[in-house]
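*Asks:* Take a look at the following structure, please.
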Amino acid sequence: MKALIAKEAALTLEEREAPRLTSGEILVRVSACGLSREDLPGLLQAQGKIIGREITGIVKEAADARFEAFVGKRVVLIPYRTCEGCLYCRTNRKPLCESLVWQGYADTQGKQALDGGAAEWIKVWGAQALPVDDGLSDAQLGCVPVYAAALAAARKSEYLYAEHTAVLGSGALGLALAEVLRSMGSAAVLYIDEDKSRTEMAQSLGARCAKVLPEDGRVGYRTVFDTVCTASSQRTALELTREKGSVINCACGKEEVPYLLRDLNGERSICSVGGPQEKDYYDALRMLAAGRLSASFAGRAYSLADFDEAIKDLCHGAPRAVVMP
Ligand SMILES: [Zn+2]
C-alpha cells in the first residue's frame, strides 16, 4: 500500500506492506486523514512511521469475535494507545499514562510513534474505534479529533458559562476552540490572530476578532486559551486575564518564558491540558452529529500522491488539509 512516511526533516510517499492484525485489533480502510497546521512538528517527528492522527475509515476486518460487529461500519479513530492498567488509565485520565503512544504523531517528549492514518490501511485496537451512524461526510468526521482537543481544553475551565473567554490563534485548534466555547455557553469569545482568512473564519463561528490586545482588554477575560504557547503569546494571555483569570496552555512550546510572580497577582493561574480523553472524542462526534459544530475549517482534500500540495497549503497558513488515500 502507499503510505506517507516521516523521514528526517521531510515526508516521502513509500510502498509499505498492509498491516497484519493481532488479537484485539481491527483493520480499517482509511477514507480520510486530516493534517492540522499546529501538528506539523509532531507529524515530522514520527520518524520512520506513517504520519497522521485525524483518521476516518471503514472497518474491513476484526481479529476476534469481540469486534466482529464493527466490520462494515464507518468509524472515527481515537489515535493513541495506552497501557490500560495504570492508575491514570483506570481513572479516565488516559492522556497522562506514561505508556501513551500516538499513532502518526510524536509529542515533544521524544516518545516514539505508531503508524498513523496517511495510508490506505491502518490497524488499531477495536476499543479505539468510534462507530458513526451516518449523515456526516469524511471531511466533517476528520475534524472530530480537533474538536476533542478543544473540548479537553474547554473542560479545564470552571468558568465558561456566561463569562468572557479569549483564544489566541493560530490554526485548527484555535478555530475549533472558538466554536466549542460559543457552543458551551461562553458569553463572548475573543479570537486573536494575525491571519485575515482565519479571523474571518473565526468571525463566522461567532467570535469577535482582533490582531492584538483589544482596548477593552482591561475588562479581564475569565479564561484565556493559548494555542500558540510562545513567550509573546503567554504575555498577551496574562495581560488579558487581568486580576482573576486562568491561562490554559493548549500546546507544548520549547521557548523559555520569563514570568514574575506578580504576573500571577490577584487570583490568576496558568495550567496546561494533557490531551483529549475518550469522552472528548465521543462528545465531539455527538455535537457534530447534532449540528452544534460545523467543521467549517475542515480544509481542502488532496489525494495521497498530492501530499506536497497539502503541506504547502499548511505552510502558507491553511489551518487544515485532508489527504484521501
Ligand atoms: Zn496507563
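*Asks:* Tally the residues that are closer than 23 Å to Leu27 by Cα and in contact (Cβ under 8 Å) with a residue 40 or more places away in the chain, restricting the search to the stretch 81-93.
*Replies:* Qualifying residue count, the stretch 81-93: 1.
*Asks:* Pick from the stretch 59-68 the residues that are of a type in the set (A, V, I, L, M, F, W, C) and not in a loop (DSSP other than H, G, I, E, B): which of them is nearest to the ligand (Cβ to nearest atom)?
*Replies:* Phe67
*Asks:* With respect to Tyr88, is the statement that it is within 16 Å of the ligand (Cβ to nearest atom) and under 18 Å from the mean Cα position of the chain (by Cα) true?
*Replies:* no
*Asks:* While we're here: Mind checking which residues of the stretch 200-250 are over 15 Å from Ala178 (Cβ atoms), open to solvent by 20 Å² or more (accessible area, probe 1.4 Å) and part of a helix (DSSP H, G or I)?
*Replies:* Passing the criteria: Glu215, Asp216, Arg218, Val219, Ser232, Arg235, Thr236, Glu239.
*Asks:* What tally of residues in the stretch 153-174 results from selecting those that are farther than 19 Å from Thr230 by Cα and either open to solvent by 10 Å² or more (accessible area, probe 1.4 Å) or in a loop (DSSP other than H, G, I, E, B) (or both)?
*Replies:* Count: 10.
*Asks:* A further question follows. Go through Arg286, Arg262 for me and flag whichever is under 21 Å from Pro79 (Cα atoms) and either surrounded by fewer than 16 Cβ atoms within 10 Å (Cβ to Cβ) or not assigned by TED's automatic domain parsing to the domain that holds Leu96 (or both).
*Replies:* The unique qualifying residue is Arg286.
*Asks:* Would you check which residues across the stretch 175-192 are open to solvent by 10 Å² or more (accessible area, probe 1.4 Å) and either of a type outside the set (Val, Ile, Thr) or touching an Asp or Glu at 6+ places or on another chain (Cβ under 8 Å) (or both) and list them?
*Replies:* The answer is Glu179, Arg182, Ser183, Met184, Gly185, Ala187, Ala188.
*Asks:* Where residues in the stretch 94-120 are touching a residue at least 60 places away in the same chain (Cβ under 8 Å) and acidic (Asp, Glu), which of them is farthest from the ligand (Cβ to nearest atom)?
*Replies:* Among those that are touching a residue at least 60 places away in the same chain (Cβ under 8 Å) and acidic (Asp, Glu), it is Glu120.
*Asks:* Among the listed residues Ser269, Ser197, identify the single one that is open to solvent by 20 Å² or more (accessible area, probe 1.4 Å), modelled with pLDDT of 85 or more, among the hydroxyl-bearing types (Ser, Thr, Tyr) and farther than 24 Å from Glu158 by Cβ.
*Replies:* Just one listed residue meets the conditions, Ser197.
*Asks:* Now a separate question. Exactly one of these conditions fails for Ala46: (1) within 28 Å of Leu136 (Cα to Cα); (2) away from the ligand (no atom under 16 Å from the Cβ). Give me its number.
*Replies:* So Ala46 meets the others, but not (1).
*Asks:* Here's a check for you: in the stretch 69-85, which residue that is open to solvent by 30 Å² or more (accessible area, probe 1.4 Å) and closer than 22 Å to Gln140 by Cα is nearest to the ligand (Cβ to nearest atom)?
*Replies:* Phe70
*Asks:* Name every residue in the stretch 49-66 that is over 12 Å from Gly104 (Cβ atoms), open to solvent by 10 Å² or more (accessible area, probe 1.4 Å) and not β-branched (Val, Ile, Thr), in order of residue number.
*Replies:* Lys60, Glu61, Ala62, Ala63, Asp64, Ala65, Arg66
The values are calculated or read from the model by the stated rules, or taken from the named source; none is laboratory data. The model shown is predicted, which means the values in this text are computed figures rather than measured ones. Quick reminder, even Gly has a Cβ in these numbers, built from the backbone with ideal geometry, and neighbours come from all protein chains shown. Areas reflect the complete protein model, heavy atoms only, side chains present, ligands, DNA and RNA absent. Shrake-Rupley method; radii C 1.70, N 1.55, O 1.52, S 1.80 Å.
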